[in-house]
Each structure stands twice: as C-alpha cells, then as structure tokens.
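The values are calculated or read from the model by the stated rules, or taken from the named source; none is laboratory data. As the structure is a prediction and not an experimental result, all values here were calculated from the model. Neighbour counts are summed over all protein chains in view; Cβ atoms, including those assigned to glycine, are modelled from backbone coordinates with ideal geometry. Only protein heavy atoms, including side chains, enter the accessible area calculation; ligands, DNA and RNA are left aside. Shrake-Rupley method; radii C 1.70, N 1.55, O 1.52, S 1.80 Å.
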Amino acid sequence: PLSPPEAAMIFEFVETMSEPQRTRTRETFDRQVEKLEDKGFLRELERLQDPAISDTRYHEITQAYFRLNIPCPFLEDECCSIYPVRPSMCREYLVTSPPENCRDPVINPVRRVPLSIRLSEALARTWASLSEERVQVVPLILVMAWVGRNPDVRRVGDRSIPLLKRLLADIAQTSNDRRVKVDSVTNK
C-alpha cells in the first residue's frame with residue numbers, strides 16, 4: 001500500500017517514462033486489474049482503503065491477494081523498474097528469512113526486520129491532516145486508476161514544504177509516544 005503522495009509520485013513517474021515503456025507499464029496495470037476483476041477480487045482490494053477495516057480483515061485480504069500471485073506491475077526481468085522512486089513500503093520491507101519463503105509467506109513465514117516507525121504510515125497520516133481528508137492507503141496495483149480519479153493529489157508539490165514539516169512532526173510525535181509507552185512499561 002502507498003500513501004497518496006507516493007501514489008502521485010509513482011503516477012507522475014510513469015507519465016515521464018519514454019515510449020514504449022510507458023505504454024507497456026500502463027498495459028501491465030490494465031491486465032493485472034482485469035485479473036482482479038475476473039477473479040472477483042477488485043472490490044475486496046478496494047476495501048483496504050476503508051479506515052474502519054479491522055486489522056484481521058486487512059490481513060485476510062492481503063493474504064488472499066498474495067495467493068492470486070499477481071506480480072508487481074513494475075517488476076521487469078525480476079528487477080524493480082522504478083527502483084530510484086520505489087515506495088517507502090518497498091524500502092521498509094527488510095526480510096531476513098530465506099528468499100524461497102517469499103513464494104508463499106502464508107505457509108512459510110517471512111521474517112522482517114521490525115521498524116519502530118513506518119514512513120509509509122506516517123506519510124499517509126500527514127497527507128490526511130494536510131488535505132483534511134481521511135487517512136487512506138492505495139494498493140499499488142490500483143495506483144494508476146486511483147490517481148486518475150483523484151487528480152488533486154498530483155499537486156502534492158504545491159504543498160511539499162508543509163507536508164515535510166508535518167511529516168517530520170508526526171515522526172517525532174510517534175517516536176516520542178512509543179518511547180513514553182516503553183518507559184511506562186519498563187518502569188512498572
């Protein structure tokens with residue numbers, strides 16, 4: 001899942017690709033969204049954007065999505081074609097388990113390095129605060145369609161300084177809240 005500003009960044013990156021890569025990338029997105037529709041899973045995936053979704057339901061949907069075995073639309077020849085602008089969630093996915101576990105992490109657990117703060121979540125919260133909208137995330141596979149339906153998010157550059165200031169304040173607050181929580185537990 002991506003924060004709205006990351007979704008806009010990815011959309012803009014695709015728009016700046018040279019032909020025929022841009023067309024190929026858009027066609028890949030279209031084919032994969034069609035697969036989701038054919039399997040009757042598109043509506044389920046869109047539910048991930050519901051802020052009221054429970055953690056359990058979120059986990060169920062993401063596991064079901066993974067079982068569909070739909071590769072990242074930016075995966076080309078087993079490599080990330082947008083590596084320099086990859087989303088923070090991809091940057092934060094630090095795995096320590098054997099690579100073969102990634103084929104089916106439901107059966108073979110994937111061990112990740114725990115992070116105290118997820119930039120992707122902080123950015124989603126910050127964007128919601130700045131745009132006065134609800135917190136939301138965008139499944140990567142739906143980025144092109146979502147940004148197409150939400151063109152205002154493409155003007156993120158107009159608000160980059162306030163966004164950065166709020167993001168840093170959110171990270172500092174989250175870090176402080178966690179420190180206080182740990183301190184209260186260890187002092188008991």
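A few points about this structure:
- Of the helices (runs of 4 or more DSSP H) lying entirely inside the stretch 1-114, the ones with 3 or more residues being acidic (Asp, Glu) are found at 4-16, 21-38.
- Subset of the stretch 45-74 (residues that are surrounded by 13 or more Cβ atoms within 10 Å (Cβ to Cβ), within 16 Å of the chain's Cα centre (by Cα) and closer than 22 Å to Asp104 by Cα): Leu45, Leu48, Tyr58, Ile61, Thr62, Tyr65, Phe66, Ile70, Cys72, Pro73, Phe74
- Where a residue in the stretch 83-101 is in contact (Cβ under 8 Å) with a residue 40 or more places away in the chain and its partner, wherever it lies, is among the hydroxyl-bearing types (Ser, Thr, Tyr) and not in a strand (DSSP E or B), with Cβ under 7 Å and at least six apart: Pro87/Ser120; Ser88/Ser120; Met89/Ser120
- Top-ranked residue of the stretch 94-120 - restricted to ones that are at pLDDT 75 or above and among the hydroxyl-bearing types (Ser, Thr, Tyr), ranked as surrounded by the fewest Cβ atoms within 10 Å (Cβ to Cβ): Thr96
- Residue check for Leu75: over 30 Å from Glu133 (Cα atoms), touching a residue at least 24 places away in the same chain (Cβ under 8 Å) and not β-branched (Val, Ile, Thr): no
- In the stretch 163-176, residue nearest to Ser3 (Cα to Cα) [restricted to those that are of a type outside the set (A, V, I, L, M, F, W, C) and open to solvent by 60 Å² or more (accessible area, probe 1.4 Å)]: Arg166
- Applying a threshold of 9 Å to beta carbon distances and a minimum spacing of six or more residues, or different chains, the list of pairs starting in the stretch 166-188 at a residue that is of a type in the set (Gly, Ala, Ser) and ending at one that is at pLDDT 75 or above and surrounded by 13 or more Cβ atoms within 10 Å (Cβ to Cβ) reads Ala169/Thr126.
- Residue tally, condition among the polar types (S, T, N, Q) and under 12 Å from Arg118 (Cβ atoms), over the stretch 86-100: 1
- Selection count, the stretch 116-130, where residues are part of a loop (DSSP other than H, G, I, E, B) and farther than 25 Å from Pro71 by Cα: 2
- Within the stretch 82-107, the residues that satisfy the criterion of being within 18 Å of Val14 (Cα to Cα) and touching a helix residue (DSSP H, G or I) at 6+ places or on another chain (Cβ under 7 Å) are Ile82, Val85, Pro87, Ser88.
- Of all residues in the stretch 22-32, those satisfying the criterion of being open to solvent by less than 60 Å² (accessible area, probe 1.4 Å) and in contact (Cβ under 8 Å) with a residue 12 or more places away in the chain are Thr25, Thr28, Phe29, Gln32.
- Residue match in the stretch 108-116 (condition: of a type in the set (Val, Ile, Thr), touching a Lys or Arg at 6+ places or on another chain (Cβ under 7 Å) and within 27 Å of Asp170 (Cβ to Cβ)): no
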